[in-house]
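Please treat every number below as a calculation from the coordinates, not as lab data. In this text, all values refer to a predicted model and were calculated from it rather than measured experimentally. Heads up, the Cβs are rebuilt from the backbone with ideal geometry, glycines too, and the neighbour counts pull from every protein chain shown.
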């Protein structure tokens with residue numbers, strides 16, 4: 001909103017009129033705009049929105065401690081397109097202009113709502129807007145936003161939900177990716193994506209705008225899908241680890257004691273926690289070259305080593321829904337040295353992986369390589385129900401002790417940007433690592449540091 005400060009009097013009046021229009025929008029799948037704060041002078045304008053306590057859909061999708069079943073994933077997609085359909089049905093149609101999972105917010109009942117509508121209310125006319133990887137090819141060559149470009153973006157959002165990842169990869173050249181989009185390149189849908197979902201996604205991101213379905217068409221098609229359709233997509237089928245969840249629900253002692261007394265588990269704010277996310281590099285390739293039993297055995301052996309490190313460093317391990325290993329400090333008990341503990345755990349995890357053979361019966365397969373992301377930030381823990389789609393938002397069954405907030409959101413993004421065999425840490429964590437280990441600086445938007453284990 002900083003550009004608003006430079007508007008003239010008439011443009012400022014138009015902006016206020018648009019804000020009033022937005023504040024009158026009422027739909028269960030649209031985040032309510034309560035108003036706008038217009039400071040005097042050069043200060044930027046600020047929007048006042050309804051409280052969406054669970055943050056963005058992007059954070060939820062990338063949080064490996066939150067379980068989303070196929071029926072819930074389908075309910076999420078239905079809610080999003082319902083909101084977009086509502087906007088497009090206005091007269092004249094309202095265009096969102098920057099639809100992506102990061103601009104879809106989640107309320108206290110885990111219902112998703114489309115947000116960030118102000119982009120089309122800020123006097124930019126038919127100028128192209130959006131985030132590059134979510135933009136339709138015609139926008140990349142100078143055309144303006146239309147209802148068809150919103151539908152294209154929804155196709156990318158469907159990819160985010162199905163894969164629980166962002167389109168393309170962080171190490172790809174952005175300009176080359178966008179040139180590819182203009183030439184027809186699209187994100188690779190995960191293996192096993194159900195055919196009806198794959199077909200709908202490809203229709204949404206069709207290179208010819210006129211051949212894309214309308215939001216009303218997409219809404220209708222999604223409502224005809226069976227709730228179980230998404231149960232076996234990569235984003236909902238769960239972990240490859242053997243015996244996942246067989247050990248019972250893992251809880252910090254204070255939470256377990258509270259439940260034993262018949263009390264409800266409470267949402268806990270930890271102020272700051274240091275979260276570590278570990279992923280096996282090249283896991284998809286291993287899955288294609290090894291039997292599922294061999295992969296599960298490898299992950300079980302790796303987990304055993306990492307579990308021992310958790311005990312050694314006083315790090316709390318979270319149960320996850322995919323093959324990311326998540327641990328954090330300053331969660332189970334207060335730890336003044338939580339940053340250092342997590343940093344030491346992260347570096348030791350690299351060594352533990354390097355000592356874990358991929359296949360003990362075949363030394364040529366080598367050892368496991370990890371990618372590790374670490375961030376220290378705000379954290380909220382809660383005993384969450386497993387998300388299952390229902391007619392009025394998300395119904396629930398089953399329990400999982402989950403962590404949400406800046407700590408897990410950033411750590412989960414960092415691990416996906418990391419190089420194999422290294423730790424990618426935010427500056428506060430990196431400063432601890434830098435005292436005793438060589439490191440390399442990553443000049444990205446997060447200002448993150450790339451560090452690696454001693455002896456590398």
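Structure notes:
- Exposure proxy ranking, count of Cβ atoms within 10 Å, fewest first, for 361, 199, 356: 361, 199, 356
- In terms of surrounding Cβ atoms within a 10 Å radius of their Cβ, 158, 46, 264, 38 rank from fewest to most as 264, 46, 38, 158.
- Extent along principal axes [Cα atoms of the range 266-375; Å; largest to smallest]: 45, 26, 19
- Where only alpha carbons of the range 122-233 are counted, the Rg and the Dmax (Å): 14.3, 43
- Fewest neighbouring Cβ atoms within 10 Å first, the residues 424, 200 line up as 200, 424.
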